[in-house]
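Values quoted throughout were computed directly from the atomic coordinates according to the rules given, and no laboratory measurement underlies them. Since this is a predicted model, take the numbers as computed values, not measurements. Reconstructed Cβ throughout: ideal geometry from the backbone, glycine too, with neighbour counts over all protein chains shown.
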Amino acid sequence: MSAIAEIIDTLESKIEKLFTKMKGLEKNNQDLKDELTKTASIIQNQSQQIEALKTQYETLKVANTLLGSDDNKRDTKLKINSLIREIDYCIAQLSD
């Protein structure tokens, strides 16, 4: 009978260790999920900042060309032509 009791005690000890390890792993998993959420938020914010900076850069290139720089004249002309086409399209829509 004592052999069975010893086996049961050993089994209970191992089960207790498993539950402890499982709780630790669940906590670690939750911590990793939280970190992933934070990281995704940071990445999204940085992507928005990058897009805003790209827009500012393009605007500055156009402004620089309008001020007399020869570096981006072709791009500026294309942009101005595109804006003129958009304005013409809007005027045509309003006329209809």
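Any idea how far apart residue 75 and residue 48 come out in nm if each label point goes 7 Å out from Cα toward Cβ?
Output for this residue pair reads 2.6 nm.
Among 7, 29, 46, which residue has its Cα positioned farthest towards the positive end of the charge dipole of the chain, with +1 placed on the Cβ of Lys and Arg, -1 on the Cβ of Asp and Glu, and the dipole taken about the Cα centre?
46
Would you kindly derive the ³J(HN,Hα) couplings of segment 84-96 from the backbone phi angles with the Karplus curve 6.51 cos²θ - 1.76 cosθ + 1.60 (θ = phi - 60°), listing them in order in whole Hz, with x for Gly and Pro?
Values, residue by residue: 5, 4, 5, 5, 4, 4, 5, 5, 5, 5, 5, 6, 6 Hz.
Tell me, in nm to one decimal, what length is gained between residue 89 and residue 34 on full extension, where the rule is 0.36 nm per residue of separation less the Cα-Cα distance?
Details: separation 55, 0.36 × 55 = 19.80 nm, distance 4.88 nm.
14.9 nm is the gain from fully extending residue 89 to residue 34.
Setting aside same-chain residues fewer than 8 positions from residue 73, which lysines have a Cα under 27 Å from its Cα?
54, 61
Using +1 on the beta carbon of Lys and Arg, -1 on that of Asp and Glu, and nothing else charged, what's the dipole of the chain about the Cα centre, debye to 20?
On the way: 14 positive and 16 negative charges, 65 e Å.
Rounded to the nearest 20 debye, it is 320 debye.
Could you calculate the contour length gain from residue 7 to residue 67, that is, 0.36 nm times the residue separation minus the distance between their Cα atoms, to one decimal place in nm? The partial results should precede the final answer.
On the way: separation 60, 0.36 × 60 = 21.60 nm, distance 8.81 nm.
Between residue 7 and residue 67, full extension yields an extra 12.8 nm.
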